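Working notes for the structure below.
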Amino acid sequence: MIRRLALLAAAFLATAETLPPAPAVLTPYLKDGTFDPGDYGYLRGRFDGATAAQVADWAAVQAWLKHCRAVSLAEVRAQLVAAGVTDPAVTAGRFGEAPCGAIDMAYPQADPGKDWALFQTRLASARRIASTLIWSAALAQGVGDNGDTLPARLIARPITDQVLRLSLSWNAGEQKGAPPLDPMEAGIVRALTWSAIRARDHANTAWMKTVVAEHGWPTIAQVGAQASNSAWLLVQHADDDPVFQLRMLRLMEPLARSGQVAAGDYALLYDRVMLQTTGKQRYGTQWTCADGMSQPQALEDRGKVEAYRTAAGLEPLATYGARLARLYGPCPPASH
């Protein structure tokens with residue numbers, strides 16, 4: 001079995017190509033391994049009035065991004081196979097530090113239209129809003145970072161993550177009180193916020209790796225229930241490193257059975273990892289919008305999901321769905 005997995009991993013790695021350098025039009029936006037969309041000038045070729053050179057640049061960016069996604073997908077599939085997953089269901093191809101992940105995340109999350117001047121106007125106002133939001137999250141993080149013990153650091157670490165993620169709901173659900181934005185503005189704010197979230201997730205993942213290497217998994221007895229829950233949350237959001245998530249799931253499994261970590265935390269990470277590796281979840285914790293309706297992603301066994309949830313100390317599926325709707329607001333209408 002081990003030899004078969006090694007051969008499969010080698011086969012996936014063999015199909016992965018070396019990523020060529022990014023197109024020259026992206027060079028001003030890639031600095032010291034990070035990506036800042038700046039004025040989004042690399043998008044100019046998709047707008048009306050673009051020159052032939054700008055259109056060609058945008059085509060080159062799209063082709064390179066497609067290649068980058070394929071390379072990163074092949075790499076993570078090989079890593080999962082090496083970790084014992086025989087046929088990973090993972091499909092998103094922008095993992096780890098691959099620059100395509102940062103560039104994809106920065107793309108406006110609403111139709112940017114075709115009017116370049118209008119887009120630049122909306123970008124200017126959206127950037128001020130997003131920058132203020134990100135700065136405010138950093139201030140909150142600074143206030144929270146007031147303890148040197150491991151429990152205190154664990155409890156404080158997710159502050160930026162949670163402030164920024166909750167802001168994505170922007171006047172929906174329980175996140176009321178934000179200034180109104182037009183759709184294009186809102187899409188740019190979301191993109192810039194997601195870019196900041198991604199950077200924070202990567203930093204949190206790197207930090208959690210050092211914590212686990214030095215202390216093992218932070219159990220309830222070791223750090224307390226709140227800090228142990230924070231450790232889970234940081235791993236739950238390490239989606240760009242599914243191999244690390246899988247390792248942590250395996251580490252948590254015996255601890256969950258013995259009550260050393262919360263069974264509900266284990267269930268949430270289990271579903272997150274299994275959707276990446278098998279394409280199905282057990283506890284119904286991961287939901288998505290489809291046809292204008294919020295619903296669980298593919299389930300391992302619909303008939304047993306309530307029993308699984310009860311065993312993990314989770315509320316009934318319908319109650320959970322209603323709580324998600326209250327927190328984040330309804331799904332957008334289905335597009336026709």
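Of the helices (runs of 4 or more DSSP H) lying entirely inside region 81-182, those containing at least 1 residues that are within 19 Å of Arg46 (Cβ to Cβ) span 99-106, 116-144. State whether the residues of region 239-259 include one that is more than 28 Å from Ala311 (Cα to Cα), among the small types (Gly, Ala, Ser) and modelled with pLDDT of 95 or more. No, region 239-259 has no match at all. The single residue among Ala199, Ala186 that is surrounded by fewer than 20 Cβ atoms within 10 Å (Cβ to Cβ) and part of a helix (DSSP H, G or I) turns out to be Ala199. Can you say whether Glu214 is under 30 Å from Cys100 (Cα atoms) and not small (Gly, Ala, Ser), as far as the supplied structure shows? Here the answer is no, as Glu214 does not meet what is asked. Among the residues making up region 87-113, a single one is hydroxyl-bearing (Ser, Thr, Tyr) and either under 14 Å from the mean Cα position of the chain (by Cα) or within 16 Å of Leu275 (Cβ to Cβ) (or both): Thr91.
Going through region 300-318 one residue at a time, which ones are in contact with a Gly (Cβ under 7 Å, 6 or more places away or on another chain) and either surrounded by fewer than 18 Cβ atoms within 10 Å (Cβ to Cβ) or assigned to a helix (DSSP H, G or I) (or both)? Within region 300-318, Val305, Arg309, Gly313, Leu317 qualify. In this structure, Asp265 qualifies as surrounded by 18 or more Cβ atoms within 10 Å (Cβ to Cβ), more than 23 Å from Asp87 (Cα to Cα) and out of contact with any His (no Cβ under 6 Å at 6 or more places or on another chain).
Any idea how many residues of region 25-50 are touching a helix residue (DSSP H, G or I) at 6+ places or on another chain (Cβ under 8 Å) and either assigned to a helix (DSSP H, G or I) or among the polar types (S, T, N, Q) (or both)? Summing the residues that are touching a helix residue (DSSP H, G or I) at 6+ places or on another chain (Cβ under 8 Å) and either assigned to a helix (DSSP H, G or I) or among the polar types (S, T, N, Q) (or both) in region 25-50 gives 11.
Restricting Gly292, Gly329, Gly321 to residues that are surrounded by 15 or more Cβ atoms within 10 Å (Cβ to Cβ) and at positive phi narrows the list to Gly329. One residue alone among Trp135, Trp170 is of a type in the set (Phe, Trp, Tyr) and on the phi > 0 side of the Ramachandran plot, and that residue is Trp170.
If you go through region 319-336 and keep only what is assigned to a helix (DSSP H, G or I) and aliphatic (A, V, I, L, M), you end up with Ala322, Leu324, Ala325, Leu327.
One residue alone among Ala130, Ala82, Ala102 is in contact with a Leu (Cβ under 7 Å, 6 or more places away or on another chain) and either surrounded by 21 or more Cβ atoms within 10 Å (Cβ to Cβ) or among the polar types (S, T, N, Q) (or both), and that residue is Ala130. Selection of region 215-233 for residues being in a loop (DSSP other than H, G, I, E, B) and closer than 15 Å to Pro254 by Cα yields Gly216, Trp217, Pro218, Thr219.
The values are calculated or read from the model by the stated rules, or taken from the named source; none is laboratory data. If you're wondering where the values come from, they're calculated on a predicted model, not measured in any experiment. We place every Cβ from the backbone using ideal geometry, glycine too, and count neighbours over all the protein chains shown.
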